[in-house]
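The numbers here are math on the coordinates, done by the rules we state, and not lab data. Predicted model, so just to flag it, every value in this text is computed and none were measured. Note that each Cβ is placed from the backbone with ideal geometry, even for glycine, and that neighbours are counted across all protein chains shown.
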Amino acid sequence: MGQKSHADTSWLIALLNPDDAHHNRALKELDELNSAPSISAFALAELLVNFELNEAIDVFSTLATLKSALSSIISLDTEIATKSAQIRSANKITLGDAIIIATALSEKAKLLTFDKNMRSVYERVK
């Protein structure tokens with residue numbers, strides 16, 4: 001089996017929004033994956049906020065579609081929380097970004113993101 005992947009909110013938004021500047025790249029990356037990516041519960045919450053702000057999106061039906069399309073939604077546990085705190089304290093990133101990076105590391109997965117700073121921190125700490 002190939003490398004697992006873990007999606008950041010920016011990547012998911014680009015994938016789901018045809019008007020996003022990174023949409024085509026996200027589609028290409030999705031096509032190249034060996035299996036569906038996982039996401040952190042934190043990224044899911046961020047994504048749902050984005051959906052709630054867009055009145056044209058039926059949040060419940062989109063959530064059901066997402067759940068069936070993803071390999072898993074990873075809960076925040078003590079190990080991920082501890083690694084998140086270490087990553088955030090050593091780098092100039094938000095706690096949310098640190099949680100997503102720590103979750104990808106915990107899953108031993110490639111991080112899918114369009115956030116250059118987040119990608120840089122992930123590459124440095126993996």
- Item | Set of lysines with alpha-carbon distance to Lys116 below 21 Å, sequence-local pairs under 8 removed | Lys4, Lys28, Lys83, Lys92, Lys108, Lys126
- For Arg119, net neighbour charge (Lys/Arg +1, Asp/Glu -1) across residues whose Cβ lies under 12 Å away: 0
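With an 8 Å Cα cut-off and a minimum separation of 6 or more residues, compute the relative contact order for the chain in percent. Intermediate values should be presented prior to the final figure.
Working: 159 pairs, mean separation 41.5, N = 126.
Reported relative contact order: 33 percent.
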- Query: Out of Lys110, Lys83, Lys28, any idea which swings most in a Gaussian network model of the chain, alpha carbons joined below 10 Å?
  - Reply: Lys28
- On full extension of the chain, what length is gained from Leu27 through Lys92, given 0.36 nm per residue of separation minus the C-alpha to C-alpha distance? 20.5 nm
- Item | Among Asn34, Thr82, Leu48 the positive-end extreme of the charge dipole of the range 4-125 (Cβ point charges) | Thr82
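Could you work out the helix-only [θ] at 222 nm for the chain, with each DSSP H run of four or more residues adding -39,500 (n - 2.57) and the total divided by the number of residues, to the nearest 500 deg cm²/dmol? Each step should come with its number before you reach the end.
Working: 7 runs with 77 residues, N = 126.
Value at 222 nm, helices only: -18500 deg cm²/dmol.
Report the charge-dipole magnitude of the chain in Debye, nearest 20, computed about the Cα centre from +1 at each Lys and Arg Cβ and -1 at each Asp and Glu Cβ. Can you show the working numbers first?
On the way: 13 positive and 16 negative charges, 133 e Å.
So the dipole magnitude of the chain works out to roughly 640 debye.
Per 0.36 nm of contour for each residue apart, how much would the distance between Asn17 and Val49 grow if the chain were fully extended, relative to their Cα-Cα spacing? Could the numbers behind the result be given before it?
Details: separation 32, 0.36 × 32 = 11.52 nm, distance 1.47 nm.
Computed gain between Asn17 and Val49 is 10.0 nm.
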- Query: If you bin every alpha carbon distance in the chain into 10 Å steps from zero, what whole percent lands in each bin?
  - Reply: 13, 46, 34, 7
